[in-house]
Amino acid sequence: MRLLVLCQEPVGERMAGAAIRAVELARAAATVADVTIAAPSGSLPDIPVVPFEPHDARSLRDPLASADVVYGVPQWPLVMRALRRSGVRLVFDLYVPEYFETLEGFRERDARLRRLMSALALDRIEDALADGDLLLCATERQRDLLTGLLLGQRGLPPAAYDDDRSLDARLAVVPFGIPAAPPKRSAGATGPKARFGATELVLWNGGIWGWLDPQTAIRAVTQLDRAGLRLVFMGAASSPAAREATEAAKTLASQLGAPVDFNDDWVRYDERADWLLDADAVISCHHDQLETRYAFRTRLLDCFWAQVPIVCTGGDDLAARIAREDLGAVAAPGDVDGVAAGLVRVLQGDRAAYEARLASAARRMTWEQTAAPLLDFLRSAGEHGQHSRRRPHAARAARSRAYSLARPLLNAAGLRDWPRA
């Protein structure tokens, strides 16, 4: 079986969450299939990578002709049309609640742009639901949401229900995973404790986005009277919305005189263990909103891997697990006092007990285990016919047609990376 993995982000030394997921699922799939990754840039030592322009289907002509199955997130219209016409089996990954992220990420932008980007985000999701032979998500909560969207699209007619009454063959839960091998420090690496002069390190192990709440984390750390404690924000995303959120967090930290530092670069994927193994706790806070309910905070899984206790705000799937299995401390969104109390509890607690519980959780979340539904599909993809694909709704078809007409002009003008949610 020949699998083509479409990744809209660069792959290699520095990767965002979507690229990490694509690469790790590709590595897991390589045990049962011949795998190629298509990405805008980058290279990997173990899997071939070919160039891919997310807004230009011509870059996929040769890789697509050699594929039996394609995996990727919902694609932009030109690429989606090429996939639809190719005759290959399609696996769409809907683990990111992109529509809710778009609503939040464009909340302060021009209202017309926000409406357009939100409509395009939902169009891509609906295209994936209509055309996907297998749909992936990260949690049972997300699966319920997607089941409702399928019903709203009339995507579960009696014949389809009779063929798959549980919907397991069409809609599978594939959480983010972690490596099976334990983390190791890089030889000669300077950890963040030494770099930022900390004796106790609370780590925010990702970027800052508009739907997250770094302000609560900063205010909570400011309340603590612990000499040598530093809160360090590990990641720095490059999108305008992320830069604005980061600057707002820096401004607050400066105003409060908080013991906070910001790493203004993206940590290499193979060096993230140096940061996690140095941390005494990891913190993650978010607002109370729809994105939270359907999110899967992928960076928190690295805490299972490195056995670092977690202090977070509740409302999402992983926060419920952290509370249920006592993997750290959970407070209500926006509860500064509760987050501060959680930090004190974790920092003064029995670290060995947390490590044992986190290690147990990690053993159940390796990529080999979480990827099982995708591997099962690849093993049996040649035995079944394709999913019956439906015509798009008129409004969605009209937007796709308008995009398809405008895209060559945008490419010619050099706007190859727009629009980008």
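If only residues of the range 273-316 that are of a type in the set (G, A, S) and not in a loop (DSSP other than H, G, I, E, B) are counted, the one that is nearest to the chain's Cα centre (by Cα) is S284. In the range 86-114, the qualifying residues are those that are closer than 23 Å to L212 by Cβ, among the hydroxyl-bearing types (S, T, Y) and touching a Leu at 6+ places or on another chain (Cβ under 8 Å), and the one that is least open to solvent (accessible area, probe 1.4 Å) is Y95.
It is to be established whether one or more residues within the range 220-233 are outside any loop (DSSP other than H, G, I, E, B) and without any contact (Cβ under 8 Å) to a residue 12 or more places away in the chain. No, that holds for no residue. Taken together, A249, A236, A242, A281 contain a single residue that is touching a strand residue (DSSP E or B) at 6+ places or on another chain (Cβ under 8 Å), buried (at least 16 other Cβ atoms within 10 Å of the Cβ) and modelled with pLDDT under 85, which is A236. Kindly indicate whether any position in the range 152-160 is exposed (fewer than 12 other Cβ atoms within 10 Å of the Cβ) and under 20 Å from L122 (Cβ atoms). Scanning the range 152-160, I find at least one residue that is exposed (fewer than 12 other Cβ atoms within 10 Å of the Cβ) and under 20 Å from L122 (Cβ atoms), so the answer is yes. Considering only the range 53-72, I want to know if a residue exists there that is modelled with pLDDT of 95 or more, closer than 23 Å to Y99 by Cα and either of a type in the set (S, T, Y) or surrounded by fewer than 20 Cβ atoms within 10 Å (Cβ to Cβ) (or both). Checked the range 53-72: at least one residue is modelled with pLDDT of 95 or more, closer than 23 Å to Y99 by Cα and either of a type in the set (S, T, Y) or surrounded by fewer than 20 Cβ atoms within 10 Å (Cβ to Cβ) (or both).
When residues in the range 381-421 are screened for being over 27 Å from Q153 (Cβ atoms), modelled with pLDDT under 70 and in a loop (DSSP other than H, G, I, E, B), 2 of them pass.
The test for being over 28 Å from A362 (Cα atoms), touching a residue at least 40 places away in the same chain (Cβ under 8 Å), in contact with a Lys or Arg (Cβ under 7 Å, 6 or more places away or on another chain) and among the charged types (D, E, K, R) holds for D261.
Is it the case that the range 7-27 has a residue that's acidic (D, E), on the phi < 0 side of the Ramachandran plot and modelled with pLDDT under 95? Checked the range 7-27: at least one residue is acidic (D, E), on the phi < 0 side of the Ramachandran plot and modelled with pLDDT under 95. So, D265, is that one in a loop (DSSP other than H, G, I, E, B), out of contact with any Asp or Glu (no Cβ under 8 Å at 6 or more places or on another chain) and either under 20 Å from Q142 (Cβ atoms) or open to solvent by 40 Å² or more (accessible area, probe 1.4 Å) (or both) or not? Answer is yes for this residue. Within the range 169-185, residues that are crowded, with 16+ Cβ neighbours inside 10 Å have Cβ atoms under 7 Å from residues that are of a type in the set (F, W, Y) and in a loop (DSSP other than H, G, I, E, B) in these pairs: P175/F296; F176/F296, counting only partners at least 6 apart in sequence or on another chain. Restricting attention to the range 134-151, the residues that are over 30 Å from R363 (Cα atoms) and either modelled with pLDDT of 95 or more or open to solvent by 20 Å² or more (accessible area, probe 1.4 Å) (or both) total 3.
A quick yes/no check of all residues on (1) among the polar types (S, T, N, Q); (2) open to solvent by less than 10 Å² (accessible area, probe 1.4 Å); (3) without any contact (Cβ under 8 Å) to a residue 40 or more places away in the chain; (4) more than 22 Å from L276 (Cβ to Cβ):
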| residue | (1), (2), (3), (4) |
| --- | --- |
| D288 | no, no, no, yes |
| T313 | yes, yes, no, no |
| A319 | no, yes, yes, no |
| A352 | no, no, yes, no |
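Residue check: R124 meets all listed conditions (1) basic (K, R); (2) part of a helix (DSSP H, G or I); (3) open to solvent by 20 Å² or more (accessible area, probe 1.4 Å) but one, namely (3).
The values are calculated or read from the model by the stated rules, or taken from the named source; none is laboratory data. Predicted model only: the values in this text are computed from it and were never measured. Cβ coordinates were reconstructed from backbone atoms using ideal geometry, including for glycine residues, and neighbour counts include every protein chain displayed. Side chains included, ligands, DNA and RNA excluded: accessible areas come from the protein's heavy atoms. Shrake-Rupley method; radii C 1.70, N 1.55, O 1.52, S 1.80 Å.
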